[in-house]
Amino acid sequence: STLSAGLIHVRAPDTGVAIERALQQVVTFLGVDRGGLDEHAEGRPRLRLSWARPGLEEPPQVTAADQFPWVSERLRGGEVLRFSRLAELPEAAAIDRASFERVGTHSKVLIPLRTGGPILGVLSFGSVRDGYAWPDDLVERLHLLSEAFAGVLDRRRMELSLAERLRLEKLLSSLATAFSHLSAADFDPAGQRG
């Protein structure tokens, strides 16, 4: 609840830092190795924020359909995925299993982020040292936490969209002011004045 409350009033420019700090807190609390948030725009990954314990590289982007086709399809469908050991992944996820193995992931939980519309991103936590159990009650709490992350992404998009509209309106206003001082003669091409 403390983490969720801390994410409620984050301004758009501070989103990245706040999310990375929140990922670090969750990774540390759970005792796993890394956490990541992949933001999506227009159905494709756009922004990557992550935190890993010192000495570990950042987690793989699990929405890369060529490396994680089975996982990507399920996440786009809104499914929460988890595995304590790679062997738990079904045969249909053979490509995904090989990709997780290549980057050293032993266990992972992946939660799609939505606020009513298309997928905003994916929140994930995982372990590279050994397996990690993801019991139902923990996954349920992480799912509730994911709503706070989704809210931050949604608010950031709205803030950025409003800021862009405001910039456009200011530009249009300044152009309208500039054009209002021109006479019809000012619009004649240079060679046609006479």
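Multiply the residue separation of residue 103 and residue 141 by 0.36 nm, subtract the distance between their alpha-carbon atoms, and state the gained length in nm to one decimal. Please list the in-between numbers first.
Working: separation 38, 0.36 × 38 = 13.68 nm, distance 2.67 nm.
Result for the pair: 11.0 nm of gain on full extension.
FRET efficiency for residue 130 and residue 20, Cβ-Cβ distance as r, R0 = 30 Å, nearest 0.05?
Numbers: r = 25 Å, r/R0 = 0.82.
So the FRET efficiency works out to roughly 0.75.
Go through segment 101-112 residue by residue and turn each phi into a ³J(HN,Hα) via Karplus (6.51, -1.76, 1.60, θ = phi - 60°); whole Hz please, and just put x for glycine and proline.
4, 4, 9, x, 7, 9, 8, 6, 10, 10, 10, x
How would 51, 134 rank on accessible area, largest to smallest, probe 1.4 Å? Working shown, then result.
Numbers: 51 55, 134 10 Å².
Largest to smallest exposure gives the sequence 51, 134.
Taking 2.2 N^0.38 Å as the expected size of a compact globular protein, what ratio does the Cα radius of gyration of segment 62-130 give against it, to two decimals? Working shown, then result.
On the way: Rg = 11.6 Å, N = 69, 2.2 N^0.38 = 11.0 Å.
Here the Cα radius of gyration is 1.06 times the empirical estimate.
The values are calculated or read from the model by the stated rules, or taken from the named source; none is laboratory data. This structure is a prediction, so every number in the text was calculated from the model and none was measured. FYI the Cβ positions are ideal-geometry reconstructions off the backbone, even for glycines, and counts take in every protein chain you see. These accessible areas exclude ligands, DNA and RNA; they are computed on the full protein's heavy atoms, side chains included. Shrake-Rupley method; radii C 1.70, N 1.55, O 1.52, S 1.80 Å.
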